[in-house]
Amino acid sequence: MAKKGETISLVDTFSEFKELKNIDRMTMVGVLEESFRSVIAKMFGTDENYDVIINPDKGDFEIWRNREVVADDALEDENLQIPLTKAKEIDSDYKIGEEVTDEVHFADFGRRAILNLRQTLASKILELQKDSLFNKYKERVGQIIVADVYQVWKKEILLLDDEGNELLLPKTEQIPSDFYRKGESVRAVVAKVENKNNNPKIILSRTSPVFLQRLFELEVPEINDGLITIKKIARMPGERAKVAVESYDDRIDPVGACVGMKGSRIHGIVRELRNENIDVVNYTSNTSLFIQRALSPARISSIRLFEADRKAEVFLRPEEVSLAIGRGGLNIKLASMLTEYTIDVFRDIDDVDEDDIYLEEFSDEIEPWIIDSLKNIGCYTAKSVLALSPEEISERADLEEGTVAEVLRILRAEFEEE
């Protein structure tokens with residue numbers, strides 16, 4: 001009875017393990033059989049003459065050995081053969097050449113065999129669990145999930161999903177102002193799933209444009225229903241984003257639907273993204289118009305496209321230039337990302353002082369990268385630079401004081417000569 005109890009206990013142990021690891025019944029039966037066969041093969045050199053029967057409903061198993069009846073003096077392998085004398089003890093009708101099938105109790109193989117089985121089974125279940133985790137999350141790439149913070153490290157956060165699976169949120173995939181403590185819930189999108197050396201690694205992201213898209217799908221029913229489509233997204237995580245949307249129903253204003261009454265729909269997204277400012281614009285296949293909308297809130301006077309180079313020259317009134325560029329150049333960067341065009345901003349020639357000179361005219365005296373730095377802060381002409389103090393130019397354009405002094409000297413000299 002002890003032997004039988006030991007074997008049943010063995011199966012019960014792994015039956016519980018199966019429930020914990022959420023492995024389906026048929027797979028577990030296969031793993032159990034494979035594990036028994038692996039141990040038998042190690043002990044006897046082969047498992048081909050064994051039948052392993054798993055009874056999941058009863059929670060036990062049976063092992064039957066098939067051996068050929070041979071003459072007592074012809075016995076060569078006790079595992080594959082049985083002497084005629086012993087065969088007749090089982091049934092007096094057995095004859096040489098026939099096959100005898102008798103039940104084997106696994107516990108008779110000894111504690112070492114049982115230990116070996118446990119280790120083999122545990123190893124196979126771990127592999128199954130890893131495969132299951134990889135396949136589960138491979139299908140969920142691009143979906144939002146909610147997980148709890150388990151451990152916070154310098155370069156990443158370890159999270160656990162509702163089944164206790166480990167997920168990673170790297171620092172590079174966190175919004176700069178994100179801050180989490182152990183036990184807090186985190187909402188993120190599954191960015192990618194790696195499986196190096198059968199060691200699955202699930203990487204989450206809160207900075208991905210896909211995360212922003214999924215949030216819109218959750219908050220705006222028309223997007224979820226397919227009445228409005230998000231065509232393009234450009235993000236500077238935690239700072240600002242631009243989203244281009246299009247409606248398939250003329251009665252629906254896609255921008256208004258996404259923003260909601262008094263901003264009700266977009267506010268939840270903004271809060272989730274740590275107050276990231278979100279501009280929603282109407283998408284159009286008209287490139288010029290799309291670039292104009294992407295540069296919102298600035299209003300442009302005219303635009304010149306160079307489609308072969310995917311470049312655009314945009315002309316604006318002087319007071320609109322800083323709006324087009326945005327704080328730290330953020331607006332124009334996002335507009336370029338959204339439209340996939342390199343955008344250069346110029347002051348409208350009709351609004352420029354006739355005596356003023358574009359900075360490009362000084363390219364033989366001032367290095368191009370310095371001119372670009374000045375243009376990035378909205379200074380496209382000599383007088384627009386001279387209108388600023390040296391300290392302001394140095395701080396905003398990130399130029400050294402000596403460089404600024406030399407630029408101002410060159411620009412002043414041009415007007416003094418005149």
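Observations on the structure shown:
- Extreme residue, nearest to the chain's Cα centre (by Cα), among residues of the range 274-330 that are acidic (Asp, Glu) and buried (at least 19 other Cβ atoms within 10 Å of the Cβ): Glu276
Residue-wise test of (1) closer than 21 Å to Ile233 by Cβ; (2) not hydroxyl-bearing (Ser, Thr, Tyr).
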| site | (1), (2) |
| --- | --- |
| Glu320 | no, yes |
| Gly328 | yes, yes |
| Tyr358 | no, no |
| Ser363 | no, no |
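- Total residues in the range 295-309 satisfying the condition of being closer than 30 Å to Pro176 by Cα and either touching a Phe, Trp or Tyr at 6+ places or on another chain (Cβ under 9 Å) or without any contact (Cβ under 8 Å) to a residue 40 or more places away in the chain (or both): the figure is 3.
- Subset of the range 171-207 [closer than 23 Å to Ala241 by Cα, touching a strand residue (DSSP E or B) at 6+ places or on another chain (Cβ under 6 Å) and acidic (Asp, Glu)]: Glu173
- Any pair with Cβ under 8 angstrom, 6 or more apart, that starts in the range 59-79 at a residue that is acidic (Asp, Glu) and ends at one that is open to solvent by less than 30 Å² (accessible area, probe 1.4 Å): Asp60/Thr7; Asp60/Val11; Glu62/Val52; Glu68/Ile82; Glu68/Val100; Asp72/Pro83; Glu76/Val70
- The lone exception for Asp249 - which of (1) at pLDDT 95 or above; (2) open to solvent by less than 40 Å² (accessible area, probe 1.4 Å) it fails: (1)
- Leading residue by the ranking (farthest from the chain's Cα centre (by Cα)) among those in the range 236-250 that are part of a strand (DSSP E or B) and in contact (Cβ under 8 Å) with a residue 60 or more places away in the chain: Ala244
- The range 56-88, subset open to solvent by less than 60 Å² (accessible area, probe 1.4 Å) and β-branched (Val, Ile, Thr), residue nearest to Arg25 (Cα to Cα): Ile63
- Residues that are of a type in the set (D, E, K, R) and touching a strand residue (DSSP E or B) at 6+ places or on another chain (Cβ under 9 Å) were ranked within the range 89-126; the one that is least open to solvent (accessible area, probe 1.4 Å) is Asp102.
One line per residue, one yes/no per condition, for (1) assigned to a helix (DSSP H, G or I); (2) at pLDDT 95 or above:
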residue: Leu117; (1), (2): yes, no
residue: Thr120; (1), (2): yes, no
residue: Asn135; (1), (2): yes, no
residue: Val146; (1), (2): no, yes
residue: Lys154; (1), (2): no, no
residue: Leu167; (1), (2): no, yes
residue: Ser177; (1), (2): no, no
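- Single residue of the range 182-206 satisfying the filter (assigned to a loop (DSSP other than H, G, I, E, B) and more than 15 Å from Val146 (Cα to Cα)) that is most open to solvent (accessible area, probe 1.4 Å): Asn197
- Among the candidates Ser373, Ser363, residue that is free of Cβ contacts under 8 Å to residues at least 24 places away in the same chain, more than 30 Å from Val280 (Cβ to Cβ) and of a type in the set (Ser, Thr, Tyr): Ser363
- Scanning the range 374-418 for residues that are closer than 21 Å to Phe315 by Cα and not in a helix (DSSP H, G or I), we see that the one that is most open to solvent (accessible area, probe 1.4 Å) is Asn376.
- Cβ-Cβ contacts under 6 Å between residues 6 or more apart (or on different chains), taken from a first residue in the range 141-157 that is charged (D, E, K, R) to a second residue that is open to solvent by less than 60 Å² (accessible area, probe 1.4 Å), are listed as Asp148/Leu160; Glu156/Leu168; Glu156/Pro170.
- Pair list, Cβ under 8 Å, 6 or more apart: the range 206-230 residue of a type in the set (Lys, Arg), other residue open to solvent by 40 Å² or more (accessible area, probe 1.4 Å) and part of a helix (DSSP H, G or I): Arg206/Glu173
- Screening Asp344, Asp348 for residues that are at pLDDT 80 or above and either under 23 Å from Glu307 (Cα atoms) or crowded, with 17+ Cβ neighbours inside 10 Å (or both) leaves exactly one candidate, Asp344.
- Pair list, Cβ < 9 Å and 6+ apart or interchain, from the range 261-278 residues that are more than 22 Å from Leu330 (Cα to Cα) to residues that are open to solvent by 80 Å² or more (accessible area, probe 1.4 Å): Gly268/Leu218
- As for the range 132-144, it holds at least one residue that is farther than 30 Å from Glu219 by Cα and either within 51 Å of the chain's Cα centre (by Cα) or open to solvent by 70 Å² or more (accessible area, probe 1.4 Å) (or both).
- Residues being more than 27 Å from Val345 (Cβ to Cβ) and of a type in the set (A, V, I, L, M, F, W, C) are represented in the range 244-256 by at least one member.
- Residue match in the range 361-373 (condition: crowded, with 20+ Cβ neighbours inside 10 Å and of a type in the set (Phe, Trp, Tyr)): no
The values are calculated or read from the model by the stated rules, or taken from the named source; none is laboratory data. Everything numeric in this text was worked out from a predicted model, so none of it was measured. With ideal geometry, Cβ positions are generated from the backbone for all residues, glycine too; neighbour counts draw on all protein chains shown. The accessibility values were calculated without ligands, DNA or RNA, using every heavy atom of the protein model including side chains. Shrake-Rupley method; radii C 1.70, N 1.55, O 1.52, S 1.80 Å.
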